[in-house]
Amino acid sequence: MKRIVLTIITTTLALITISFLLTLETRLSLSYNSEGNYFDENSATVYSEQAVIVYAILSILFLALTTFLTYLTIKAFKTKKKMKR
């Protein structure tokens, strides 16, 4: 049961991490003006350059958490195999 829960949580966190990294990459590629804003004419949305820092921090935190939970999941699967022997 523990292995299933760890696998689900790790997969969910990996998807969240990927979404933050993709958003970060998209925001980094925008051409901001001198005030640090980007205006999207199609959706009438203004993006702030300061949000890039927040997305970078969230990406790093979620990547570290995902890596740690991946380690715990692999460890849980290995200990289960040793117990069967």
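The values are calculated or read from the model by the stated rules, or taken from the named source; none is laboratory data. Quick caveat: nothing in here was measured; it's all calculated off a predicted structure. Heads up, the Cβs are rebuilt from the backbone with ideal geometry, glycines too, and the neighbour counts pull from every protein chain shown.
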Original post:
Hey, does the stretch 41-51 have a residue that's in contact with a Lys or Arg (Cβ under 7 Å, 6 or more places away or on another chain), under 30 Å from Val5 (Cα atoms) and not in a loop (DSSP other than H, G, I, E, B)?
Top reply: no
**OP:** Check the stretch 59-70 and report whether any residue there is more than 23 Å from Lys2 (Cα to Cα), at pLDDT 95 or above, of a type in the set (A, V, I, L, M, F, W, C) and surrounded by 14 or more Cβ atoms within 10 Å (Cβ to Cβ).
**Re:** yes
Original post:
Going by the conditions given, is Ala76 among the small types (Gly, Ala, Ser), modelled with pLDDT under 95, closer than 23 Å to Ile18 by Cβ and surrounded by 15 or more Cβ atoms within 10 Å (Cβ to Cβ)?
Top reply: yes
Subject >> Glu49 being of a type in the set (Asp, Glu) and surrounded by 12 or more Cβ atoms within 10 Å (Cβ to Cβ) >> reply: yes
